[in-house]
Amino acid sequence: MKVAEVAGRVRENIGKVIVGKDMPLELVLIALLCEGHVLIEDVPGIGKTTLAKAAARSLGCSFQRIQFTPDLLPSDVTGIYYYDQKEQEFVFRPGPVMAQVLLADEINRATPRTQSALLEAMQERQITVDGKTKPLPSPFVVLATQNPVELEGTFPLPEAQIDRFLLRIKLDYPSEDEEHRILLRFEREDPLETLTAVTGPEELAEMQALVRTVRVEESVRGYMVKLVRATRDHPAVDLGVSPRGTLALYRTAQAMAAVRGRDYVLPDDVKELTLPVLTHRIMINPQTRLRGATPEEVVLDVVNEVPVPVERL
């Protein structure tokens, strides 16, 4: 498929800056093809900002970064109307949200009021300022980060907002060999400064349309539904995956198949995507948390329990 060729160019280009991280990079490409948002949960210094910048430059998209803090106001995200004395009228000054790729750094440090301003942008692809609605550019993708270790001075993301992230990923520390390669790559210059676009928003829109044509057999579609419904019936879960999660699993499986050069989805695509798509959408009960169990373990338990569809000969 043409999607695989374009995705290969973008992956290779980002690979000039990012060392390793093959699976996280593929997941970011999948999110871009689905025009979905990504929550990157990891410690500082792993390369989250660099990844977001490299992706935006590779796609020829505009990029903005917001450092979320407790005193950040909704208007600092969306923009404001101010009175222009020269023009004798109110003029809109756009905020950083009016970008195609937005990095929301440490999103859980913002107050719920500011988080809700971003929520409308993520879901509706628009913002409302002083009662006036403005559409956001296309594509519009939020790459949000949060530090899972440092919780002081943070505001936990509400379930409604977490559910709007298509994927949750972790970059993790590099291996010893990868860390050596990072030092050599950044020894003389920052490769991000010379990175150029290898595609554009128009071609990306074309790829997004092609992804939706990827075939999903009835048995594979049924497998997705059974996986999601099993999370709702699991004894360790208080809140299971929503129908939005089912749709996210369906869309990302189509994108993964396309990125890998296929026009059909395999059950293995679905299994690979269960952790990044489903874990942040379930809430385990207090008894399970006290036993030290995690949402990841619950999702893996569900994957092991639900039978995989097999082709009948």
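The values are calculated or read from the model by the stated rules, or taken from the named source; none is laboratory data. This structure is a prediction, so every number in the text was calculated from the model and none was measured. Cβ: placed from backbone, ideal geometry, glycine included. Neighbour counts: every protein chain shown.
General observations
- Among (1) modelled with pLDDT of 90 or more; (2) assigned to a helix (DSSP H, G or I); (3) over 21 Å from A160 (Cβ atoms) - the single one V277 does not satisfy: (3)
- Which listed residue, of M98, M122, is surrounded by 14 or more Cβ atoms within 10 Å (Cβ to Cβ), over 30 Å from F186 (Cβ atoms) and in contact with a Pro (Cβ under 7 Å, 6 or more places away or on another chain): M98
- Selected residue (criterion: surrounded by the fewest Cβ atoms within 10 Å (Cβ to Cβ)) from residues of the stretch 132-177 that are at pLDDT 80 or above and farther than 27 Å from G36 by Cβ: E176
- Condition met for A230 (more than 28 Å from I18 (Cβ to Cβ) and in a helix (DSSP H, G or I)): yes
- Residue match in the stretch 181-204 (condition: at pLDDT 85 or above, among the small types (G, A, S) and either in the same structural domain as A104 (by TED's automatic domain parsing) or farther than 30 Å from I282 by Cβ (or both)): yes
- So D71, is it in a loop (DSSP other than H, G, I, E, B) and either outside the structural domain of T196 (by TED's automatic domain parsing) or within 21 Å of E120 (Cα to Cα) (or both): yes
- Single unsatisfied condition, S58 versus (1) modelled with pLDDT under 85; (2) closer than 27 Å to E189 by Cβ; (3) out of contact with any strand residue (DSSP E or B) (no Cβ under 9 Å at 6 or more places or on another chain): (1)
- Some residue of the stretch 287-294 being among the small types (G, A, S), surrounded by fewer than 22 Cβ atoms within 10 Å (Cβ to Cβ) and not in a helix (DSSP H, G or I): yes
- Residues in the stretch 263-301 that are out of contact with any strand residue (DSSP E or B) (no Cβ under 9 Å at 6 or more places or on another chain) and in contact (Cβ under 8 Å) with a residue 60 or more places away in the chain: V299, D301.
- Counted residues, the stretch 11-33 - those being crowded, with 22+ Cβ neighbours inside 10 Å and under 24 Å from R125 (Cα atoms): 7
- If you go through the stretch 120-135 and keep only what is of a type in the set (A, V, I, L, M, F, W, C) and not in a strand (DSSP E or B), you end up with A121, M122.
- The listed residue being surrounded by fewer than 17 Cβ atoms within 10 Å (Cβ to Cβ), touching a Leu at 6+ places or on another chain (Cβ under 7 Å) and charged (D, E, K, R), out of R57, R113, R65, R93: R65
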